[in-house]
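What follows is calculated from the coordinates using simple rules that are stated; it is not laboratory data. No experiment lies behind these values; they were computed from the predicted model shown. Note: ideal-geometry Cβ built from the backbone for every residue, glycine included; neighbour counts use all protein chains shown.
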Amino acid sequence: MLESRMMDTTARDCMPCKKCGSNNLVKLKGELTASYPTIEAIKTAPVYLCQDLCVCLDCGLAEIWIPPKELELLKKSKAAPTT
């Protein structure tokens with residue numbers, strides 16, 4: 001029973017693809033390190049996310065929801081002084 005739930009990649013929580021309108025989506029476990037792409041951002045720690053993501057198997061668009069705690073960390077790292 002547990003094994004079958006672990007292998008469930010159906011996209012019940014995913015809306016149709018925003019890019020191509022397809023319903024051919026899968027829900028995957030994702031690990032992401034988010035940081036700003038500037039030289040000044042090196043001074044701030046990246047934000048680590050372990051979240052589900054929805055991926056369109058037709059066009060490749062992926063969507064992720066960032067929880068409030070991690071979103072706040074991203075906001076703080078953007079506002080961090082760069083000197």
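Which order do the peptides 57-65, 44-52 come out in when sorted by mean C-beta neighbours inside 10 angstrom, highest first?
Highest mean packing first, the order is 44-52, 57-65.
Which percent of the Cα-Cα distances in the range 2-79 go past 20 Å?
Above the 20 Å cut-off, the range 2-79 has 46 percent of its Cα pairs.
Mind scanning Lys43/Lys69; Lys43/Lys75; Lys18/Lys43 and naming the pairs with a C-alpha gap bigger than 25 Å?
Lys18/Lys43
DSSP loop trypsin sites (Lys or Arg not before Pro) in the range 12-83 with at most 15 other Cβ atoms within 10 Å of their Cβ, which ones?
Arg12, Lys18, Lys19
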